[in-house]
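Worksheet for the structure shown next.
The values are calculated or read from the model by the stated rules, or taken from the named source; none is laboratory data. A quick note: this is a predicted structure, and the numbers were derived from the prediction, not measured. Every residue, glycine as well, gets a Cβ built from its backbone with ideal geometry; the counts of neighbours run over all protein chains shown.
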Amino acid sequence: MKHNHNHNNLPSAGPELMPVRFEFTHPTAKTVCVAGTFNHWQPEAKTLHSTGVGHWWKETTLAPGTYEYCLVVDGHWMPDPLARESVANPFGGRNSILTVASSPAAAHLADAKTFPLKNINKQQTQIL
């Protein structure tokens, strides 16, 4: 007989999954999927939903980390045009980079470093 050493009977704590949303716009696309290191490059595992007006989206959750991925649009693999970063892949194309932060606060801080806010209160001097 095996004993449960978890006396509180709580599931073991793994990395917290964070929400991720993929979006893509293409007026004539029939199918859009996303394939990457998070789903073993299997596009059928993450099919995006169409709004019916050329806008595609998929919400999912991923563990914090850095992933490479591509969009698969009507069978053609391509980098995500909305991705901030990409790297060369071994097939002569590019893979998009997705960094999933460990918390919403960490994601906000990462965005702040990438897109600093302009100081709108800064006094402007005018030369007459």
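Here is how the numbers come out for the structure above:
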item: Check on LYS113, outside any strand (DSSP E or B) and either at pLDDT below 95 or surrounded by 10 or more Cβ atoms within 10 Å (Cβ to Cβ) (or both); result: yes
item: Inter-residue pairs, beta-carbon under 7 Å, first more than 16 Å from VAL73 (Cβ to Cβ) and hydrophobic (A, V, I, L, M, F, W, C) and in region 16-43, second exposed (fewer than 13 other Cβ atoms within 10 Å of the Cβ) and modelled with pLDDT of 95 or more, 6+ apart; result: LEU17/THR61; MET18/THR61; VAL20/THR61
item: ASN89 vs. criteria at negative phi, of a type outside the set (Val, Ile, Thr), without any contact (Cβ under 8 Å) to a residue 24 or more places away in the chain and touching a helix residue (DSSP H, G or I) at 6+ places or on another chain (Cβ under 6 Å); result: no
item: Flag if PHE22 is within 12 Å of the chain's Cα centre (by Cα), surrounded by 13 or more Cβ atoms within 10 Å (Cβ to Cβ) and assigned to a helix (DSSP H, G or I); result: no
